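Structure first, then comments.
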């Protein structure tokens, strides 16, 4: 309520800051619930990622959470529904919600812009999945990670975690984390290779933005193709097939104005000036 006794609109569940050139800072904004996933947060993330993916002026995304948490997973007190017509059948309705939540992960991976997760607190369940689906993860010492699903009577394999986690930290560690659902602190996550680095809480956003600037300094097409190929390589079955994919991508990139500008800038000993993509 405001000073006149009138109802005030609730703040949006997802905030987007575009004040930095070519960088979008996306903040999950339910701090009183440690940014747990309810319908509004999920809809906001889907809409935001769709909009950014179609924006050639955006080159890098930083994803973080407001307050003390990154994202604590599904909001058990305010569980979401899938958009569209609602099915009366409980199984079908539940499956639609499951697909709706899980589809965030491939959406993040398919985005042309790299996503840097600035993990400032709890990243549990679905929040853990969002961190794993990001291309780079930087955390503060307050970060905590866990595959919480198994502790809620569900399978520990959910929202892409059972595919992503073994590829990031190895099968042995991933299996133990999914079976136990135990919390992993920032230092342990760093040691197992899940994180790029751990920085003090007051330095977290600066570190994430500095990483974003390093990426932004490279050519738009080159970065897009790097993201596409590096994720595809996790599914390619042989070195030969992987090199075939690289070869075709490099020839494609070599025909762009970006490469011509990069070569000219190198020869002229100046920073390159790339277009938006």
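The values are calculated or read from the model by the stated rules, or taken from the named source; none is laboratory data. The structure displayed is predicted, hence computed values, not measured ones. Here the Cβ positions follow ideal geometry from the backbone for every residue, glycine too, while neighbour counts run over all protein chains shown.
Okay, here's what the table says:
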{"quantity": "Residue match in region 263-273 (condition: touching a residue at least 24 places away in the same chain (Cβ under 8 Å) and farther than 22 Å from residue 107 by Cβ)", "calculated": "yes"}
{"quantity": "Condition met for residue 211 (at negative phi, in the same structural domain as residue 118 (by TED's automatic domain parsing) and surrounded by fewer than 15 Cβ atoms within 10 Å (Cβ to Cβ))", "calculated": "no"}
{"quantity": "Residue match in region 85-93 (condition: within 16 Å of the chain's Cα centre (by Cα) and over 23 Å from residue 18 (Cα atoms))", "calculated": "no"}
{"quantity": "Selection count, region 189-202, where residues are under 18 Å from the mean Cα position of the chain (by Cα), outside any helix (DSSP H, G or I) and crowded, with 18+ Cβ neighbours inside 10 Å", "calculated": "3"}
{"quantity": "So residue 56, is it more than 25 Å from residue 190 (Cα to Cα) and under 17 Å from the mean Cα position of the chain (by Cα)", "calculated": "no"}
{"quantity": "Given (1) under 23 Å from residue 217 (Cβ atoms); (2) at pLDDT below 95, index of the condition residue 95 fails", "calculated": "(1)"}
{"quantity": "Residues of region 12-65 that turn out to be part of a strand (DSSP E or B) and without any contact (Cβ under 8 Å) to a residue 12 or more places away in the chain, as a count", "calculated": "2"}
{"quantity": "Criterion: in contact (Cβ under 8 Å) with a residue 24 or more places away in the chain and under 19 Å from residue 20 (Cα atoms) - qualifying residue of 200, 211", "calculated": "211"}
{"quantity": "Matching option when the condition is closer than 19 Å to residue 61 by Cβ, assigned to a helix (DSSP H, G or I) and assigned by TED's automatic domain parsing to the domain that holds residue 119, among 205, 178", "calculated": "205"}
{"quantity": "Scope region 212-235; condition outside any helix (DSSP H, G or I) and within 21 Å of residue 254 (Cβ to Cβ); matching residues", "calculated": "217, 218, 219, 233"}
{"quantity": "Members of region 158-175 found to be in a loop (DSSP other than H, G, I, E, B) and surrounded by fewer than 16 Cβ atoms within 10 Å (Cβ to Cβ), listed by number", "calculated": "170"}
